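Notes to accompany the following structure.
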Amino acid sequence: MEDVLVLKDYKTVPDIVHEYGPTLKFGHIPLVIDNGSYQCRVGWSIYDEPHLIFKNLIARPRKDRCKKDAEPPVTPPIQIGNDIINIEAVRFQLKTQFDKNVVTHFEVQEQVLDYIFSHLGIDSEGNVPHPIVLTEAFVTPNYCRQLMSELLFEGYGIPAVSYGVDSLFSMYKNDIGDSALIVNCGYHTIHIIPVIRGKVIAHHARRINLGGSEMICYLHKLLQLKYPVHVNAITMSRIEEILHEHCSIALDYQEEIRKWANPDYYEANVKRIQLPFVQSTSSSGLTAEQQKERKREMARRLLEINARKREERLAEDEEQMNQLLALQEIMEDGDTDEFNEAIKGFDIKNYEDLQRQITNVNSRIEKNKQRIAAAAAAASAGELPEPKPSGRLQPPADPEAFQAWLNDTRAKYREVVQRREARRARRAAMLRRRTAAAAERMRVISRLTAAGDDFGTRDSDWDVYKSISREADSDSEADGERLLELEEALREHEPQQTSSQHHQLHLAIEPLRAAELMFQPSMLGNLEAGLAETMEYVFKHFSAEDQLLLANNVFLTGGCSRFPGLKERLERELLEMRPFQSTHKVVMAKDASLDAWYGARDFAGSNEFEKYCITKEEYYEMGAEYLKEHHASNIYYKSPAPIVDNTLAPAGDANVVKEEIVVDC
């Protein structure tokens, strides 16, 4: 029995409201928020682990229409993060504050922050009296940072904030040195960021607009197309679980495809995922004798129903015959006008039509009487009509002989099918020009043209006709009947699959195809370069010395970097793209999902944290987009002043007299 994997269908547990003790309330403890596009991780800088981890989503479920306005709603008007118990029920009402990995919808971000502060138990009046370390996307636009600072300072009254890049926090948390090529595989994007001697080379960094969300959508489409019967059961949440637990990166994708083309390799390596299903009710446990008695009872009832219908039809025909005979008497009495008036209510045109209908009705009456008499005679004798022989193939009772009979029946079925396919292939070849079959046919026709007019007088001529006739290759009736007979026998006696097997997903090449999007976005229709190609492009912008520094410290972080085989695949790609005998090294983050929060926590607990915070006074003085740079932050570029173009202003008319208007108040 092969191993069948069962979907876990993870359910979220609503977050508790944490205690806001005196140490936190009066200790001016920094709050660390890793605001990721997939998950948000929140905690205090004095603790080792985050207090809240939830999906960065909100849902507005539809109102309960059946409830009156006076009754309280069953579901809250807005569900955030782990409060969304059944995410599939509100899939089309989900919203996020992100566009790709940049925060653009700040009304949603405000609701998420409300959720964070309320579940941390912060109960201060009118403000949040804690400095905040907040992660943001690499090269976040100044406009987005401006709106975020406005929300934090104006809406929540925080004393200070410091912004940092999640992948840089993760790099410094893993303590891998001051030079690295960061590969941050996120939910919406992949960033490739070169860091040379502690300095981020932002103008040579690149972004690929593809991540975990695209892989989930791609795998979802693949499995729905493969199993159209189970479209409703293949939900996005289940696909997300399959992606996290069963997807991997192929070391050589083309070689893997060739392996899966082998049926033996497929059977040995395919993963079977069991979908939920409702077990069908079992058939009644009647014995063979009870089933026969049940069939006989059904036959008796059928005979009674048919006899009743015959009697009803006989009564209707006799009534119709009486009416037609009355019309005939009217015509025989010579009353033509009364006859013409009377036939208007019937489907009769003239006297000849009347005679024809009388004959037909009389014939039906006689036939019905004969059938009723025959049925009555059979019923009085206690006989039931014997079922016609089915013509089915009957298997032997012995188990070993039965298995041999079943194998033989399967072989015969395949033989008939192959014979039909060969005939169809021959017919298709006949229809195409310049094929051997068509050439042979034309050769025989040309030979018969010179045979004279006596062709067809001999029996042997029929064989020649069959050799050139396209109908000679048509499916014979005997083969068609034989095929139906074999299909019927196999359908009845072949072991049937259980109901659970009909609700299984067979994962073969699909998990590899979904993860391969990182290296081949073109499979999804994305025209961007893949991960390996983009890394090679970034290398070309540096000197040979700096290239060696980057290649010897390729750092993988982000949720999608946890795919098995990604490190080995990148090492293989680096071996191909780097010069002969040059060294390279790929380093994995210790915890690809949480290292960004750990790094931000360490930064918030350092002695230099306050130096890199933007205070409320600096916010008002420098502007909302202002950013203090540090080792893990973006580079601050002040937005240029708006350009005023006076050339588009209408020129003044010299003839217009300008008057000063004095308003007397």
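Kindly report, to the nearest 10 Å², the accessible surface of Phe539 as traced by a 1.4 Å probe over protein heavy atoms only.
10
May I ask you to derive the relative contact order of the range 499-646, considering only C-alpha pairs under 8 Å and at least 6 residues apart, and to give it as an integer percent? Numbers along the way, then the final one.
Numbers: 91 pairs, mean separation 22.1, N = 148.
Averaging sequence separation for qualifying contacts and normalising by length gives 15 percent for the range 499-646.
Taking the dipole about the Cα centre of the range 294-381, with the C-beta of Lys and Arg at +1 and of Asp and Glu at -1, give me whichever of Ala378, Gln320, Gly345 is farthest to the positive side.
In the range 294-381, that residue is Ala378.
Could you look at the range 294-381 and say what percent of its accessible area is carbon and sulfur, using a 1.4 Å probe and all protein chains?
Working: 3120 of 6510 Å².
C and S atoms contribute 48 percent here.
When all protein chains stay in place, what accessible area (Å², nearest 10, 1.4 Å probe) is found for Arg197?
130
Ranked from the most accessible area to the least, with a 1.4 Å probe and all protein chains present, what is the order of Asp595, Asp333?
Details: Asp595 5, Asp333 130 Å².
Greatest to least solvent exposure: Asp333, Asp595.
Where nothing but the Cβ of Lys and Arg (+1) and of Asp and Glu (-1) is charged, how large is the charge dipole of the range 294-381 around its Cα centre, in debye to the nearest 20?
Once rounded to the nearest 20, the dipole reads 1480 debye.
List, in the order given, every pair from Lys100/Lys173; Lys616/Lys638; Lys173/Lys628; Lys540/Lys638; Lys100/Lys616; Lys11/Lys100 whose Cα-Cα distance in the structure shown is over 23 Å.
Flagged as over cut-off: Lys100/Lys173; Lys540/Lys638; Lys100/Lys616; Lys11/Lys100.
With only alpha-carbon atoms in the gyration tensor, what are the semi-axes of the equivalent ellipsoid for the range 485-586, in Å, largest first? Walk me through the intermediate numbers first.
Numbers: eigenvalues 452, 39, 32 Å².
Computed over the range 485-586, the values are 48, 14, 13 Å.
Put Trp44, Trp260 in order of accessible area, largest first, 1.4 Å probe: what do you get?
From most exposed to least exposed: Trp260, Trp44.
Straight-line reach from Lys369: which lysines have Cα under 26 Å away, leaving out those fewer than 8 places along the same chain?
Leaving aside lysines fewer than 8 places away in the same chain, those within reach of Lys369 are Lys309, Lys388.
Heavy-atom accessible area of Met321 with all protein chains present, probe 1.4 Å, nearest 10 Å²?
The value for Met321 is about 20 Å².
So with the 1.4 Å probe, I'd like the accessible area per residue for the range 294-381, rounded to whole Å².
Accessible area per residue, the range 294-381: 74 Å².
Taking H placed 1.01 Å from N in the peptide plane, check which residues at least 5 places from Asn634 or on another chain put their amide H under 5 Å from its amide H.
Val165
If you average the sequence gap of Cα pairs under 8 Å that are 6 or more apart and divide by the length of the range 69-170, what percent do you get for the contact order?
With pairs under 8 Å counted, the relative contact order is 24 percent.
Working from the alpha-carbon coordinates of the range 181-242, get Rg over Rh, Rh being the Kirkwood radius. Each step should come with its number before you reach the end.
Values: Rg = 17.1 Å, Rh = 13.7 Å.
With Rh from the inverse mean 1/r over Cα pairs, Rg/Rh is 1.25.
How many nm separate the modelled label positions at Met588 and Lys292, each set 7 Å beyond the Cα in the direction of the Cβ?
Going by the 7 Å Cα→Cβ label model, 6.8 nm.
Leaving out ligands and nucleic acids, and using a 1.4 Å probe, what accessible area per residue does the range 505-632 come to in Å²?
Here the per-residue accessible area is 47 Å².
What relative contact order, as a whole-number percentage, does the range 294-381 give when Cα pairs under 8 Å and 6 or more residues apart are counted?
Relative contact order for the range 294-381 comes out at 41 percent.
Over the range 294-381, what number does the Rg to Rh ratio reach, with both radii from the alpha-carbon atoms and Rh per Kirkwood? Before the final figure, lay out each step's value.
Working: Rg = 18.1 Å, Rh = 15.2 Å.
Rg/Rh for the range 294-381 comes to 1.20.
Per residue, what volume in Å³ does the Cα convex hull of the range 530-632 take up?
Normalising the Cα hull of the range 530-632 by residue number yields 161 Å³.
The values are calculated or read from the model by the stated rules, or taken from the named source; none is laboratory data. As the structure is a computational prediction, the values presented were derived from the model and not from experiment. Because the Cβ atoms are built from the backbone with ideal geometry, glycine has one as well, and the counts that use them run over all protein chains shown. To get the accessible areas, we keep the full protein, side chains included, count just its heavy atoms, and leave off ligands, DNA and RNA. Shrake-Rupley method; radii C 1.70, N 1.55, O 1.52, S 1.80 Å.
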